[in-house]
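Undergrad: The structure's right below; bear with me while I get my questions together.
The values are calculated or read from the model by the stated rules, or taken from the named source; none is laboratory data. Worth saying up front: this structure is predicted, and the values here are computed from it rather than measured. Here the Cβ positions follow ideal geometry from the backbone for every residue, glycine too, while neighbour counts run over all protein chains shown.
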Amino acid sequence: GMGQDTAGPVSVAAVNEALDVGRVTNPYVRAYVQYWATITEPARVEVVSALDDARLVAEALDAGELQPAGHGLYYSRSYSKDTARSEERTIVATDDETDAGVYNNWRRGDEMVAAQIHRMAGQSAGRTMYVVPYLMSPEGSPLAQYAAGVQLTDNRPVVLHMIRMARVGIEHLDELPDPMDFVKAVHVTGDLPNLGQGTPEDQRYFVTVADRRTILHFGSSYGGNALLGKIAHGLRQACFDGRASAEHGVGGGRGFLAEQFMLLGITDTVTGKRWHVAGGFPSASGKTNLAMTLAPDALGERYRVDFYGDDIAWLWVGDDGRLYAMNPEFGVFGVAKDTNAATNPTALEAITPGSGAIFTNVAYNPTTQEVWWEGRTPEPPTDVTGWLDWKGEAIADREPGDTSPWAHPNSRFTTTLANVPNVAADFEAPAGVPVDAIIFGGRTRDREPLVRAVTDLAEGVYDGLTLGAEATFAADGLDGQLRYDPMSMRPFLAYGEGDYARHWLEVVGAATEQPIFAHVNWFAKDPEDGHFRWPGYRENLRALLWLLALKDGEVTGHRTPVGIVPTAEELDLTGLEVPEADLEALLSIDTERWRQEMAFRADHLAQFERLPEEIWAAHRRVAQALEDAAE
Ligand code: GDP
Ligand code: PGA
Ligand code: MN
Ligand code: MN
């Protein structure tokens, strides 16, 4: 396997020396590294910081773990059964059974710790254990206390991804209020071809022991399972900490929210107005594209979109009583599919030569050092010489008529925020940004209009809890299935949904200025021929501008039982042609279809323990309004 040799397990003295060289003085960090080295038995230990990037890249290129993809661009391939998050192997464990929800696969903490120690024992033999100290927040954030962690990983490409996705270096842990306040995040790759993926003998487990602030992931090198700062700490652990932190006075004693949210700013350069919008869509449903949106050409003179974050936001009520949000990440782990000059020119600029971007599981040509993915250009390269698909198999050797994709549908690019051309000037400001609107969305082929606004907090939270969308290829084996995904947090919830709803009501309810809520849908399809009714991508800004105009009282919209929908006149369609029939469908509510939906929603919500009465009341109000409309 990669990087293995015959060296025996590292000695206590050698670990101490590595920690000294890496200037790790915190005795709790030192003890944690020593402890796990005795369990996983790596051949050596190395403390890394972002300054080590160039050397680690060179080593990874030498070892064949990365391949060159042009100047300062890199290609990596993960094992073919390890290309997406594995939700059914993901567990949140605590000592308190009341943390069990419908979706968090709750287990008892001591059982899971013992089981993971057993699985990980000796599994880093011959490899280097990298010690990756990181911070999931801008420096100086009011939530910084919840942001520090130390990932241990035996996988060099994972280190290189972490350096792009989080602030990495021991200096980020210098100012811990309490030296024990860091997340212990252990990642052991395992013998990937022999873990029984998808069989009853599956060895992989991805466990967050939330009440011990300990993350133990075994059996993957794919980013969504292996970048513990991002997925497990930034979402699952922070979801748990966000509620627990109320006791420590955070957010005016309400705690904070950690959500799978993009975060963007919109500036109207004519009036000088500026808004911030946060929004949750399930994985591979448009968060990254929305945050990177360039205003459509016809509106580009007037409006500017600033990128703050594309996958995670932490929200809290600030000392001035306003609701704030910040992106704890340092980079973008974006879906490659359909990224091109028309859909997302900003993303293309963020991954140009010299950016240090890493591509994973796209198609690769080692001769020309080019990469390609479906939708990069309308057709794949006509000269297939040298091209390899995401599994590393030559395109030239394909059977005639083989139309399987060249790139994996969940292939990704990884690049730092600073490379994103529309990144906000203040993206690292510790204060965060005030939130004017919270939107939910997903891939919904029918029922959901382009945008419907909800002005009541309980109805907004209810709308998030009943987010129903098609699952995507970002999670194994679920593509296309319709399912509920509360707030887009289904794979990341750390405790029960009823308590989570209560926490939402308390945090957002404490804000002196309430954000407007909305449900958006860029993915409505014509049932006849399946075309997308809305052009999407850059044009999505038009729906957001309408929502903000509604919030500011400049338009009134059209009231429906499920929220306020724009009239055709209110939606700024300058420079855009949308066929009459599509526009009509995008801006109307199918009452019958919605009445059916309400019965499913009742069943969905009934699963949740301790669901606040306010949420049930919101459900009944919407249901009654639909009945009244049907009469
Ligand atoms: P994320 O995983 O939620 O960040 O989603 P991305 O922004 O990476 O998008 C996931 C996939 O959906 C990509 O293949 C995008 O090209 C596609 N996508 C994003 N926004 C739109 C849109 O507005 N319309 C359509 N049709 N596709 C979109
Ligand atoms: P995504 O991020 O939401 O942009 O797909 C990665 C993930 O959630 O797995
Ligand atoms: Mn995500
Ligand atoms: Mn994304």
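Undergrad: Please name all residue pairs, on different chains or six or more residues apart, with Cβ atoms under 9 Å, provided the first residue is in the range 322-341 and is free of Cβ contacts under 8 Å to residues at least 60 places away in the same chain and the second residue is part of a loop (DSSP other than H, G, I, E, B) and within 13 Å of ligand 1 (Cβ to nearest atom).
TA: Taking only residues 6 or more apart or on different chains, the pairs are 338/344; 338/373; 338/374; 338/375; 338/376; 340/375; 340/376.
Undergrad: Just a yes or no: is a residue in the range 135-151 assigned to a helix (DSSP H, G or I) and surrounded by 24 or more Cβ atoms within 10 Å (Cβ to Cβ)? Full working, then the answer.
TA: Going residue by residue through the range 135-151, those that are assigned to a helix (DSSP H, G or I) are 144-146.
Checking which are surrounded by 24 or more Cβ atoms within 10 Å (Cβ to Cβ) leaves us with 146.
Scanning the range 135-151, I find at least one residue that is assigned to a helix (DSSP H, G or I) and surrounded by 24 or more Cβ atoms within 10 Å (Cβ to Cβ), so the answer is yes.
Undergrad: Hey, among 492, 532, 473, which residue is over 21 Å from residue 433 (Cβ atoms), at pLDDT 95 or above and within 16 Å of ligand 2 (Cβ to nearest atom)?
TA: Working: 532 fails: within 16 Å of ligand 2 (Cβ to nearest atom); 473 fails: at pLDDT 95 or above.
It is 492.
Undergrad: Could you tell me whether the range 311-318 includes any residue that is under 21 Å from the mean Cα position of the chain (by Cα), small (Gly, Ala, Ser), within 12 Å of ligand 3 (Cβ to nearest atom) and buried (at least 24 other Cβ atoms within 10 Å of the Cβ)? Reasoning before the result, please.
TA: Initial filter on the range 311-318 (under 21 Å from the mean Cα position of the chain (by Cα)): 311-316.
Pick out the ones that are also small (Gly, Ala, Ser) and you get 313.
From the residues that got through so far, the ones that are within 12 Å of ligand 3 (Cβ to nearest atom) too are 313.
Still in the running and buried (at least 24 other Cβ atoms within 10 Å of the Cβ): 313.
Yes, that holds for at least one residue.
Undergrad: A follow-up question, please. Out of the range 319-333, which residues are surrounded by fewer than 24 Cβ atoms within 10 Å (Cβ to Cβ) and either of a type in the set (Gly, Ala, Ser) or within 16 Å of ligand 4 (Cβ to nearest atom) (or both)?
TA: Once the filter is applied, which keeps residues that are surrounded by fewer than 24 Cβ atoms within 10 Å (Cβ to Cβ) and either of a type in the set (Gly, Ala, Ser) or within 16 Å of ligand 4 (Cβ to nearest atom) (or both), the range 319-333 yields 321, 333.
Undergrad: Quick check: is even one residue across the range 217-239 more than 16 Å from ligand 2 (Cβ to nearest atom), within 26 Å of residue 144 (Cα to Cα) and surrounded by 24 or more Cβ atoms within 10 Å (Cβ to Cβ)? Let's see the steps before the verdict.
TA: Taking the range 217-239 first, the residues more than 16 Å from ligand 2 (Cβ to nearest atom) are 218-219.
In the following step, the residues that additionally are within 26 Å of residue 144 (Cα to Cα) were identified as none.
No, there is no match, as no residue in the range 217-239 is more than 16 Å from ligand 2 (Cβ to nearest atom), within 26 Å of residue 144 (Cα to Cα) and surrounded by 24 or more Cβ atoms within 10 Å (Cβ to Cβ).
Undergrad: Need the failing condition index for residue 278 against (1) within 23 Å of residue 409 (Cα to Cα); (2) within 16 Å of ligand 3 (Cβ to nearest atom), just the number.
TA: With (1) within 23 Å of residue 409 (Cα to Cα); (2) within 16 Å of ligand 3 (Cβ to nearest atom) applied to residue 278, the lone miss is (1).
Undergrad: Here's a follow-up. Being free of Cβ contacts under 8 Å to residues at least 40 places away in the same chain, among the aromatic types (Phe, Trp, Tyr) and more than 28 Å from residue 357 (Cβ to Cβ) narrows it down to one of 35, 28, so name that one. Lay out the reasoning, then the answer.
TA: Values: 28 fails: free of Cβ contacts under 8 Å to residues at least 40 places away in the same chain.
35 is the lone residue from the list that is free of Cβ contacts under 8 Å to residues at least 40 places away in the same chain, among the aromatic types (Phe, Trp, Tyr) and more than 28 Å from residue 357 (Cβ to Cβ).
Undergrad: Is one or more of the residues making up the range 61-82 buried (at least 16 other Cβ atoms within 10 Å of the Cβ), over 22 Å from residue 370 (Cα atoms) and touching a residue at least 40 places away in the same chain (Cβ under 8 Å)?
TA: Among the residues of the range 61-82, at least one is buried (at least 16 other Cβ atoms within 10 Å of the Cβ), over 22 Å from residue 370 (Cα atoms) and touching a residue at least 40 places away in the same chain (Cβ under 8 Å), which makes the answer yes.
Undergrad: Of the residues 162, 180, only one is more than 23 Å from the chain's Cα centre (by Cα) and more than 16 Å from ligand 1 (Cβ to nearest atom); which?
TA: Numbers: 162 fails: more than 23 Å from the chain's Cα centre (by Cα).
Step by step, each of 162, 180 is checked, and only 180 is more than 23 Å from the chain's Cα centre (by Cα) and more than 16 Å from ligand 1 (Cβ to nearest atom).
Undergrad: Among the residues of the range 297-337, what is the count of those that are of a type in the set (A, V, I, L, M), assigned to a strand (DSSP E or B) and away from ligand 2 (no atom under 16 Å from the Cβ)? Explain how you work it out, then say what you get.
TA: From the range 297-337, those of a type in the set (A, V, I, L, M) are 298-299, 305, 312-313, 315, 317, 323, 325-326, 332, 335-336; that's our starting set.
Remaining after also requiring assigned to a strand (DSSP E or B): 305, 313, 315, 317, 323, 325-326, 332, 335.
Among the residues that remain, those that are also away from ligand 2 (no atom under 16 Å from the Cβ) are: 305, 315, 317, 323, 325-326.
Final tally of qualifying residues: 6.
Undergrad: Here are some conditions: (1) touching a residue at least 60 places away in the same chain (Cβ under 8 Å); (2) buried (at least 24 other Cβ atoms within 10 Å of the Cβ). Residue 179 meets all but one. Which one does it not meet?
TA: All conditions are met except number (2).
Undergrad: Starting from residues that are surrounded by 21 or more Cβ atoms within 10 Å (Cβ to Cβ) and more than 16 Å from ligand 4 (Cβ to nearest atom), keep the ones in the range 463-475 and report whichever is nearest to residue 621 (Cα to Cα). Steps first, answer last, please.
TA: Keep residues of the range 463-475 that are surrounded by 21 or more Cβ atoms within 10 Å (Cβ to Cβ), which gives 463-467, 469, 471-472, 474-475.
Filter again for more than 16 Å from ligand 4 (Cβ to nearest atom), leaving 463-467.
Values: 463: 12, 464: 16, 465: 15, 466: 14, 467: 17 Å.
The residue in question is 463.
Undergrad: Something else: I'm told residue 233 meets every condition in (1) closer than 22 Å to residue 106 by Cβ; (2) part of a loop (DSSP other than H, G, I, E, B) except one. Can you identify the failing condition by its number?
TA: Residue 233 satisfies every listed condition except (2).
Undergrad: Can you say whether residue 578 is in contact (Cβ under 8 Å) with a residue 24 or more places away in the chain, buried (at least 21 other Cβ atoms within 10 Å of the Cβ) and β-branched (Val, Ile, Thr), as far as the supplied structure shows?
TA: Values: in contact (Cβ under 8 Å) with a residue 24 or more places away in the chain: yes; buried (at least 21 other Cβ atoms within 10 Å of the Cβ): no; β-branched (Val, Ile, Thr): yes.
Spelling it out, it is not the case that residue 578 is in contact (Cβ under 8 Å) with a residue 24 or more places away in the chain, buried (at least 21 other Cβ atoms within 10 Å of the Cβ) and β-branched (Val, Ile, Thr).
Undergrad: Something else about it: Show the residue pairs that are 6+ apart or on different chains and have beta-carbon atoms under 9 Å apart, the first residue being within the range 614-626 and under 21 Å from residue 590 (Cβ atoms), the second being among the basic types (Lys, Arg).
TA: Every condition considered, the pairs that remain are 619/601; 622/601; 623/595; 623/601; 626/595.
Undergrad: Whether any residue in the range 351-359 is under 26 Å from residue 139 (Cα atoms), of a type in the set (Phe, Trp, Tyr) and touching a Phe, Trp or Tyr at 6+ places or on another chain (Cβ under 6 Å) is what I want to check.
TA: No, the range 351-359 contains no residue that is under 26 Å from residue 139 (Cα atoms), of a type in the set (Phe, Trp, Tyr) and touching a Phe, Trp or Tyr at 6+ places or on another chain (Cβ under 6 Å).
Undergrad: Are any residues in the range 436-462 buried (at least 21 other Cβ atoms within 10 Å of the Cβ) and among the β-branched types (Val, Ile, Thr), and if so, which ones?
TA: 438, 439, 444, 451, 454, 461
Undergrad: Let me ask something additional. Of (1) in a strand (DSSP E or B); (2) within 16 Å of ligand 1 (Cβ to nearest atom); (3) not hydroxyl-bearing (Ser, Thr, Tyr), residue 282 satisfies all except one. Which?
TA: Failing condition for residue 282: (1).
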